[in-house]
Structure formats: C-alpha cells, structure tokens
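The values are calculated or read from the model by the stated rules, or taken from the named source; none is laboratory data. Source: prediction; values computed, not measured. In this analysis, Cβ positions are derived from the backbone assuming ideal geometry, glycine residues included, and neighbour counts consider all displayed protein chains. The accessibility values were calculated without ligands, DNA or RNA, using every heavy atom of the protein model including side chains. Shrake-Rupley method; radii C 1.70, N 1.55, O 1.52, S 1.80 Å.
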Amino acid sequence: NNDFAYPMVAGILNGVTGLTIAFVVVTLWNHHREQDGILKREAQAIENIHMDLRHDTGKMREAERALVLYVQTVATMEFNEQTRQAGSEDAVKYLDEIYKICQSIKDPLARAHAMSELANLSSFRHQRLSGTFHSPIHPALWLTVVMLTMLTIINVIMFNSKKSGYISASIGSLAYALILTLANQLEYPYLGPLSVSIDPLYLLLQKYENP
C-alpha cells in the first residue's frame with residue numbers, strides 16, 4: 001500500500017507545487033511586459049502632444065520646457081521609492097502646465113487631439129505608478145509557494161533512499177531557488193537587473209534638448 005500511496009501523494013504534491021510556481025512566474029512575467037508597454041505608450045503620448053504643439057509656434061517653447069521637466073522628473077524621481085512622492089507632486093504640476101497650454105491651442109482639431117493625448121498620458125502614468133511598487137502577487141500566495149516548495153523537498157528526502165534522496169533534494173532545491181529568484185526579480189518591474197528600460201524617456205529628452 002505504501003508503495004502505491006507514496007508515488008500518488010508525491011505526484012500530487014509535485015504537480016500542485018509546479019502549477020503554483022508556474023502561475024506566479026507567468027503572472028509576474030505578464031505584469032513585467034505590461035509595464036514595459038505602458039511606459040512606451042506613455043512616452044508615445046508625450047511625443048504626440050509635442051507634435052500637436054508644433055502647430056502653435058507661440059506656445060512651442062513654453063510647452064517643450066514643461067514636457068522636458070515632466071520627463072526629467074519621471075525619469076529621475078518617480079522610479080525611486082524615496083523620491084517618488086516629491087517627484088509625483090512635481091510631475092502633476094508640470095502636467096497642469098501642459099494642460100493649460102493645450103487648452104490655449106488655436107486650431108480646434110489640434111487642440112482636441114492634444115487634449116485627448118493628454119488624457120491618455122494621464123491614464124498611462126496612473127497605470128505605471130500603480131504597478132511600480134505594488135506586486136500583483138499577494139503575500140499569502142508567496143507564503144503558499146514557499147511552504148509547498150519546502151514540503152516537496154522534505155517529501156523527496158523522507159521517501160527516497162538516503163543518498164538518492166539528498167541528491168534529488170539538492171537538485172530540486174537549486175531548481176526552485178533559480179525559478180523563485182527569477183520570479184522575485186520580475187515582481188517589481190522598475191527595480192533590479194531585469195528592470196524595465198526607461199530608455200524611451202531618455203530618448204525624448206535627447207530629442208527635446210536638441211530640437
């Protein structure tokens with residue numbers, strides 16, 4: 001009976017552990033890709049506003065200054081948890097300046113398009129901020145993953161011969177450690193070696209500083 005029960009229990013435990021870890025990794029990977037896309041769309045909305053304001057030469061210098069300050073603030077302050085609050089306040093101030101400039105565009109079509117792009121910019125910014133320092137994985141799920149991983153390794157050690165059990169547990173521990181380390185690096189998209197690139201913002205700065 002034990003010979004039959006152990007493989008069944010071990011298979012169920014391994015399956016549940018593998019599926020749970022896979023769910024966490026896929027969720028975090030999708031979150032990471034989503035944040036990358038949001039940042040690129042935010043940069044594109046800024047560029048679209050810049051293009052709309054080119055039609056009004058009287059407002060261009062003032063608008064470009066506000067856009068540059070907004071991008072600089074986002075790139076240098078909003079991705080740092082310690083300066084995020086102050087950066088967000090400054091960014092909102094520059095967005096208000098851009099809003100007033102867009103409202104004063106003389107061409108009604110250009111004004112309508114600029115206001116639409118400004119609404120998109122505000123929406124993308126909100127989405128980016130909500131995903132910057134907030135994990136899509138609940139702490140209870142992380143605890144479940146750790147407990148399942150430990151149970152799986154203990155199960156391998158207890159129900160295998162001493163030598164093969166320790167070897168299997170060592171290999172399994174290494175594999176789980178690598179996978180969970182990857183998941184941890186993906187959890188916060190703008191932190192760590194796998195962070196989302198903010199190059200789209202720096203490219204805008206290069207373009208605006210040398211119009």
**Report entry** Cα-centre dipole for the chain with unit charges at Cβ (Lys and Arg positive, Asp and Glu negative), debye to 20
**Finding:** 300
Report task. Please give the contour-minus-distance gain from residue 14 to residue 185: 0.36 nm per residue of separation, less the Cα-Cα distance, rounded to one decimal in nm. Result -> 59.2 nm
Query raised in the report: Which Cα, out of 17, 143, 126, lies furthest along the positive dipole direction of segment 1-144 (beta carbon charges, K/R +1, D/E -1)?
Result: 126
Requested in this report: Could you calculate the FRET efficiency of residue 104 with residue 143 from 1/(1 + (r/R0)^6), where r is the beta carbon distance between them and R0 is 45 Å, rounded to 0.05?
Outcome: 0.25
Query - Area accessible to solvent at residue 157, 1.4 Å probe radius, in Å² - result: 60
Report summary line: In degrees, nearest 10, the alpha-carbon axis of helix 84-103 is tilted away from the dominant principal axis of the alpha carbons of the chain by 40
Query raised in the report: Given R₀ = 35 Å, FRET efficiency for residue 23-residue 76 by Cβ-Cβ distance, to 0.05?
Result: 0.50
**Report entry** Neighbour cut-off at most 14 other Cβ (10 Å), DSSP loop, trypsin sites (Lys or Arg not before Pro), segment 2-89
**Finding:** 54
Report summary line: Carbon and sulfur atoms account, in whole percent of the 1.4 Å probe accessible area of the chain, for 61
Query - Degrees between helix 199-209 axis and first principal axis of the chain (Cα, 0 to 90, nearest 10) - result: 20
Report summary line: Beyond 31 Å, the calculated P(r) of the chain holds a percent of Cα-Cα pairs equal to 42
Report task. Kindly express, to the nearest 10 degrees and within the range 0 to 90, the angle between helix 162-187's C-alpha long axis and the longest C-alpha principal axis of the chain. Result -> 10
Query raised in the report: With each run of n ≥ 4 DSSP H residues scored as -39500 (n - 2.57), what mean residue ellipticity at 222 nm is computed for the chain after dividing by its residue count and rounding to the nearest 500 deg cm²/dmol?
Result: -29500 deg cm²/dmol
Query raised in the report: Counting pairs of alpha carbon atoms under 8 Å apart in space and at least six apart in sequence, what relative contact order in percent does the chain give?
Result: 33
